[in-house]
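Working notes for the structure below.
Nothing in this text is a laboratory measurement; each read-out follows from the coordinates by a stated rule. All figures in this text were calculated on a predicted structure; none of them were measured in a lab. Every residue, glycine as well, gets a Cβ built from its backbone with ideal geometry; the counts of neighbours run over all protein chains shown.
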Amino acid sequence: MFETLLVIFIGLVGGIAVGLQAQIAGSMGGRIGGAAGSLIVHLGGAVASLALLIFRSGENISEWRHLPWYMLGSGVLGLVLYLTLSQTIPKLGATSAITLVVVGQLAVGMVIDHFGLFEADVRSIDFQRIGAVAMLMAGAYLLLR
């Protein structure tokens, strides 16, 4: 039970981080441009990741050569997210922009789970999951109105 609560807490912390970064990214993109802001964000993340990697004794970094191409290129998705936020937040506000990101995450998450893409465990789409997503989409709709 404690482990489940800890994982839920970690997920919420991640959501808070995304929410904070979204607004910061939107503001920064408006001031210096999307690509320039993305570079700053990613350089800061690279420095923090390097520090954590050193602290964790390198983990398994030497195995990077054996990763599939899509894993090596996944940083591009961070750029897409950043550029998306730098365009949507100034025009729609943080709540609407983050809502759209969450709806997109739900849609792709369902597809990834259903087909077991990218080494994910298969979690088939069923009526309960469809209902849950429908309720979240209804909430998103109310937020975007």
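Here the peptides 84-92, 130-138 are ranked by packing, the mean other Cβ count within 10 Å, and the order with the highest first is 84-92, 130-138.
When only the Cβ of Lys, Arg, Asp and Glu is charged (+1, +1, -1, -1), the dipole of segment 90-145 relative to its Cα centre reaches about 340 debye.
Restricting everything to alpha-carbon atoms, can you work out Rg to Rh for the chain with a Kirkwood hydrodynamic radius? That ratio equals 1.00. Couplings for segment 132-139, taken from phi via the Karplus curve 6.51 cos²θ - 1.76 cosθ + 1.60 with θ = phi - 60°, read 5, 5, 4, 5, 5, 5, 5, x Hz in order; Gly and Pro are left as x.
Here the chain is treated with +1 on each Lys and Arg Cβ and -1 on each Asp and Glu Cβ, and its dipole about the Cα centre works out to around 540 debye. Toward the positive end of the charge dipole of segment 2-144, with +1 on the Cβ of Lys and Arg and -1 on the Cβ of Asp and Glu, the farthest Cα among Ala107, Leu85, Phe2 is that of Leu85.
The spacing between segment 111-134 and segment 8-76, judged by their C-alpha centroids, is 26 Å. Modelled spin-label separation between Asp121 and His42, with each label point placed 7 Å from Cα along the Cα-to-Cβ direction: 3.2 nm.
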